[in-house]
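Notes follow the structure.
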Amino acid sequence: MALAGAGLTSGCVRQLESTVSRDERTPLSLSIKTVPADTDATATRLARYLATRLQTVGVAATVVPMSREELLRDVLSNHDFDIYVSRLLLRRDPDFLRPLLHSRYGPGRGWQNPFGYGDLSLDSLLERQRTETGSVRAATLAEIQRRVVEAQPFTPVAAPAPAQATRPVRVDWPDGVGIHSLTGYLGARAVTTTATASRTESTVTPSATPAPTEQSTSATTSTPAPTSTPATTTDEPTPENELRMTIGDSRPTENLNPLSTPFRSDGTLLDLVYDSLGRPVYDRMRPWMAASWEWADGDDTTLSVRLRDDLAWHDGEPITAADVAFTFRFISDTALGSLDQPVPSPRYRGRASLVESVDAASDREVTIRFGDVSEPVAARALTIPVLPEHVWEPFARPTSASWLDGGHVTEALVRNNLDPVGSGPLRVTGTTARESVSMEPFEDHFLADDALDGRLSRFDGGFSFDSLRFDVVPSDGAAVELLATDAVDATANSLSADSRAAAADEPGISVRTSRPEWCYHVGYNHRRPPFMNPRFRRAVARLVDREFLVDSVFDGETEPASSPLVATTYVPAGDAWDEAVSELEFVGDSGTGTLDAERARSVFEDAGYAYSGDGDLLIQE
């Protein structure tokens, strides 16, 4: 109290703290959590790189590999980490930054601010951008990105283009989209050859391709097709007209709950099983389950949605507007009011927060009222998967989870849902834990009607194969080997740089790349010292030589990333942006990875940290 009354300046306070607490400082020891090399070699290499640089500047840093599920539980649910290295899923609309960084989401679970970052001035900007459009919004987003670069709540490294390998002699994939995507699977067509003719007697249609006005975002590197297709190496007979894929993530074989964050880093399989009111198709939000929607005259916060006729769940029950209203209420509170506070779905909380109310006006009509947001931002809420009320309502009961540290949880958030009841173009027919997921077309899906208009007409008839199978592989190399022996048709998992090169060298295999879908990043836990100090985070960020990592880890197949909006058109240009980025330049010989240890240590000293006589970086506990 006496010190507070004395009116000391912040500089004097820091000097006093340094004098009083110098003997209480201890060497900094921290862990860097990530996944094992056989799960994601790139993430592991980035974590080891960072650990080595931290050790060079006197930090006892260790890499702690763990399964994807464990990593996401520690980071997203329990907030039990110092630093982690992982992928951050990128969205086309930059409003995804609001739940990612807004302080209101810090105490929650999921990808909504897992860092625990808080900045009221940034909160204001994040709120403002969702009401703006055009150049006004672009200017606000530029300021947001400058603030993020300066504060380094997390450190982006690079956003590589996903690369999948395929056998073009077997499957013709649509241009302009990634293979492992909803539109990729719905646009895929079997190629009739001597080999496929012996496998199926069905007649296939030509590949669906984008309209001429839509620019392709894919690049394909092909090798000559062989004169004959090799025989499959599997012992089991291949079902007729089956599309066979490899996948490197076994979690979908053990959990298909669309609300479960630890089991979800890729939502494509669930996009095939669960429909939403709207879908982004070739970069445009289009009605999907909705037959149409219309904004109310003079009211840009109220949207009237009409559902398609004869929609049905996979169990045969009809879909009504009540299911839509239930979904938005359930996403916002999976306890449905049975607890003293809401238990939202961590996975969709950010999008659901855009909506104020959803009412079923009739069996086919829904009225959605949004907050003060622009139409493009509001459209993000239309991509939430619609859930059947008769299936999910019984799971609103509270429960416990051994892996969750505190907080309320409901059965809806922890059930594995291996027999999912959705309404999507495919339904799950079977799963084998850590081995495979099988699906088949849903005959009552609206795409099967062959009577679609406009941009969706390319999907007339729905999924063109009799079945779809995902086989879990232990590594990218194993996936390429299966593809080379004709045991599978394509890889759903994106290949590492080494495996991409190996696939391109195989006869009859093409490697296709699409625009970036995620960004490798370094995340900091702001709930723990010293990570709540932006000067410390900036010092750590200056240990990262992006130019070197792009060449050595990503094989030059990507660009360095300083902004989480790297996959959009909103990354700023100009002197102010260049200056903000340059202030975080690598402390060493850029492009070589060679760290100037003496300079790097001085950066931490300039940030207010001291070293012991043994060269250990000290922090106050």
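Does residue 369 qualify as being part of a strand (DSSP E or B), surrounded by fewer than 17 Cβ atoms within 10 Å (Cβ to Cβ) and of a type outside the set (A, V, I, L, M)?
On the way: part of a strand (DSSP E or B): yes; surrounded by fewer than 17 Cβ atoms within 10 Å (Cβ to Cβ): yes; of a type outside the set (A, V, I, L, M): yes.
It is true that residue 369 is part of a strand (DSSP E or B), surrounded by fewer than 17 Cβ atoms within 10 Å (Cβ to Cβ) and of a type outside the set (A, V, I, L, M).
Those residues that are farther than 26 Å from residue 274 by Cα and of a type in the set (S, T, N, Q), I need them from region 167-195; list them, please.
First, pick out the residues of region 167-195 that are farther than 26 Å from residue 274 by Cα: 167-170, 191-195.
Within region 167-195, 192, 193, 194 meet the criteria.
Check region 379-390 and report whether any residue there is more than 26 Å from the chain's Cα centre (by Cα) and not assigned by TED's automatic domain parsing to the domain that holds residue 114.
The first filter runs over region 379-390 and keeps only residues more than 26 Å from the chain's Cα centre (by Cα), leaving 389-390.
Pick out the ones that are also not assigned by TED's automatic domain parsing to the domain that holds residue 114 and you get 389-390.
There is at least one residue in region 379-390 that is more than 26 Å from the chain's Cα centre (by Cα) and not assigned by TED's automatic domain parsing to the domain that holds residue 114.
Just to be sure, is residue 491 within 24 Å of the chain's Cα centre (by Cα) and surrounded by fewer than 23 Cβ atoms within 10 Å (Cβ to Cβ)?
On the way: within 24 Å of the chain's Cα centre (by Cα): yes; surrounded by fewer than 23 Cβ atoms within 10 Å (Cβ to Cβ): no.
For residue 491, the condition - within 24 Å of the chain's Cα centre (by Cα) and surrounded by fewer than 23 Cβ atoms within 10 Å (Cβ to Cβ) - is not met.
Which condition number in (1) at pLDDT 95 or above; (2) hydrophobic (A, V, I, L, M, F, W, C); (3) buried (at least 22 other Cβ atoms within 10 Å of the Cβ); (4) not assigned by TED's automatic domain parsing to the domain that holds residue 184 is the one that residue 554 fails?
Condition (1) is where residue 554 drops out.
Scanning for something within 22 Å of the chain's Cα centre (by Cα), over 30 Å from residue 492 (Cα atoms) and not in a helix (DSSP H, G or I), does region 155-173 turn up at least one residue? Can you show your working first?
Going through region 155-173, the residues within 22 Å of the chain's Cα centre (by Cα) turn out to be 155-165.
From what is left, the residues that are over 30 Å from residue 492 (Cα atoms) are none.
Checked region 155-173: no residue is within 22 Å of the chain's Cα centre (by Cα), over 30 Å from residue 492 (Cα atoms) and not in a helix (DSSP H, G or I).
Report, by residue number, each residue of region 495-516 that is in contact with a Ser or Thr (Cβ under 9 Å, 6 or more places away or on another chain) and crowded, with 20+ Cβ neighbours inside 10 Å.
First pass over region 495-516, keeping only residues in contact with a Ser or Thr (Cβ under 9 Å, 6 or more places away or on another chain): 496-497, 499-500, 503-516.
If the condition is that a residue be in contact with a Ser or Thr (Cβ under 9 Å, 6 or more places away or on another chain) and crowded, with 20+ Cβ neighbours inside 10 Å, then 496, 499, 500, 503, 508, 509, 510, 511, 512, 513, 514 are the ones that fit.
Which numbered condition in (1) buried (at least 18 other Cβ atoms within 10 Å of the Cβ); (2) in contact with a Pro (Cβ under 8 Å, 6 or more places away or on another chain); (3) more than 30 Å from residue 110 (Cα to Cα); (4) among the hydrophobic types (A, V, I, L, M, F, W, C) is the only one that residue 519 fails?
(3)
I'd like the residue in region 589-605 that is of a type in the set (Asp, Glu) and not in a helix (DSSP H, G or I) and, out of all such residues, is surrounded by the most Cβ atoms within 10 Å (Cβ to Cβ). Walk me through how you get there before you give the answer.
Start the filter on region 589-605 by keeping residues that are of a type in the set (Asp, Glu), which leaves 589, 596, 598, 605.
Within this subset, residues satisfying the condition of being not in a helix (DSSP H, G or I) are 589, 596.
Numbers: 589: 12, 596: 14.
Here the residue is 596.
Find the helices (runs of 4 or more DSSP H) located wholly in region 24-102 whose residues include 3 or more that are aliphatic (A, V, I, L, M) and closer than 16 Å to residue 112 by Cα, and list them.
97-101
Considering only region 251-281, state which residues are in a loop (DSSP other than H, G, I, E, B) and at pLDDT 90 or above. Write out each step before concluding.
Taking region 251-281 and keeping what is in a loop (DSSP other than H, G, I, E, B), we get 254-267, 274-275, 277.
254, 255, 256, 257, 258, 259, 274, 275, 277, listed by residue number.
Would you check which residues across region 428-455 are out of contact with any strand residue (DSSP E or B) (no Cβ under 6 Å at 6 or more places or on another chain), exposed (fewer than 14 other Cβ atoms within 10 Å of the Cβ) and either assigned by TED's automatic domain parsing to the domain that holds residue 42 or not charged (D, E, K, R) (or both) and list them?
432, 433, 451, 454
Quick one: would you say residue 458 is touching a helix residue (DSSP H, G or I) at 6+ places or on another chain (Cβ under 8 Å), assigned to a loop (DSSP other than H, G, I, E, B), in the same structural domain as residue 241 (by TED's automatic domain parsing) and under 26 Å from residue 162 (Cα atoms)?
Details: touching a helix residue (DSSP H, G or I) at 6+ places or on another chain (Cβ under 8 Å): yes; assigned to a loop (DSSP other than H, G, I, E, B): no; in the same structural domain as residue 241 (by TED's automatic domain parsing): yes; under 26 Å from residue 162 (Cα atoms): yes.
Taking the combined requirement at face value, the residue does not satisfy it.
Please work out which residue is surrounded by the fewest Cβ atoms within 10 Å (Cβ to Cβ), limiting yourself to region 295-325 and to residues that are outside any loop (DSSP other than H, G, I, E, B) and modelled with pLDDT under 95. Walk me through how you get there before you give the answer.
Here is the first cut: in region 295-325, the ones outside any loop (DSSP other than H, G, I, E, B) are 295-296, 299-307, 312, 318, 321-325.
Checking the rest, the ones that are also modelled with pLDDT under 95 come to 295-296, 299-301.
Working: 295: 14, 296: 12, 299: 9, 300: 14, 301: 15.
The qualifying residue surrounded by the fewest Cβ atoms within 10 Å (Cβ to Cβ) is 299.
Which one of these is surrounded by fewer than 21 Cβ atoms within 10 Å (Cβ to Cβ) and touching a residue at least 40 places away in the same chain (Cβ under 8 Å): 536, 586, 548? Spell out how you get there, then give the answer.
Working: 536 fails: surrounded by fewer than 21 Cβ atoms within 10 Å (Cβ to Cβ); 586 fails: surrounded by fewer than 21 Cβ atoms within 10 Å (Cβ to Cβ).
Step by step, each of 536, 586, 548 is checked, and only 548 is surrounded by fewer than 21 Cβ atoms within 10 Å (Cβ to Cβ) and touching a residue at least 40 places away in the same chain (Cβ under 8 Å).
Take residue 228 and decide whether it is at pLDDT 50 or above and in contact with a helix residue (DSSP H, G or I) (Cβ under 8 Å, 6 or more places away or on another chain).
Details: at pLDDT 50 or above: no; in contact with a helix residue (DSSP H, G or I) (Cβ under 8 Å, 6 or more places away or on another chain): yes.
No; evaluated as a whole, the condition is false for this residue.
Any idea which residue in region 606-621 is farthest from residue 49 (Cα to Cα), counting only those that are more than 36 Å from the chain's Cα centre (by Cα) and not in a strand (DSSP E or B)? Let's see the steps before the verdict.
Of region 606-621, the ones more than 36 Å from the chain's Cα centre (by Cα) are 610-616.
When the remaining residues are screened for being not in a strand (DSSP E or B), the result is 612-616.
Values: 612: 24, 613: 25, 614: 23, 615: 20, 616: 19 Å.
The residue in question is 613.
Take residue 501 and decide whether it is touching a residue at least 12 places away in the same chain (Cβ under 8 Å) and closer than 18 Å to residue 84 by Cα. Steps first, please.
Numbers: touching a residue at least 12 places away in the same chain (Cβ under 8 Å): yes; closer than 18 Å to residue 84 by Cα: no.
Criteria not met by residue 501.
Let's see how each residue does on (1) assigned by TED's automatic domain parsing to the domain that holds residue 493; (2) surrounded by fewer than 22 Cβ atoms within 10 Å (Cβ to Cβ); (3) aliphatic (A, V, I, L, M); (4) over 30 Å from residue 500 (Cβ atoms):
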{"site": "100", "(1), (2), (3), (4)": "no, no, yes, no"}
{"site": "117", "(1), (2), (3), (4)": "no, no, no, yes"}
{"site": "121", "(1), (2), (3), (4)": "no, yes, no, yes"}
{"site": "126", "(1), (2), (3), (4)": "no, no, yes, yes"}
{"site": "133", "(1), (2), (3), (4)": "no, yes, no, yes"}
{"site": "142", "(1), (2), (3), (4)": "no, yes, yes, yes"}
{"site": "146", "(1), (2), (3), (4)": "no, yes, no, yes"}
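From the list 345, 338, pick out the single residue that is closer than 16 Å to residue 99 by Cα and at pLDDT below 95.
Values: 338 fails: closer than 16 Å to residue 99 by Cα.
Of the residues listed, the single one that is closer than 16 Å to residue 99 by Cα and at pLDDT below 95 is 345.
The values are calculated or read from the model by the stated rules, or taken from the named source; none is laboratory data. Since we're looking at a predicted model, the values are computed, not measured. Positions of Cβ are backbone-derived with ideal geometry, glycine not excepted, and every protein chain shown enters the neighbour counts.
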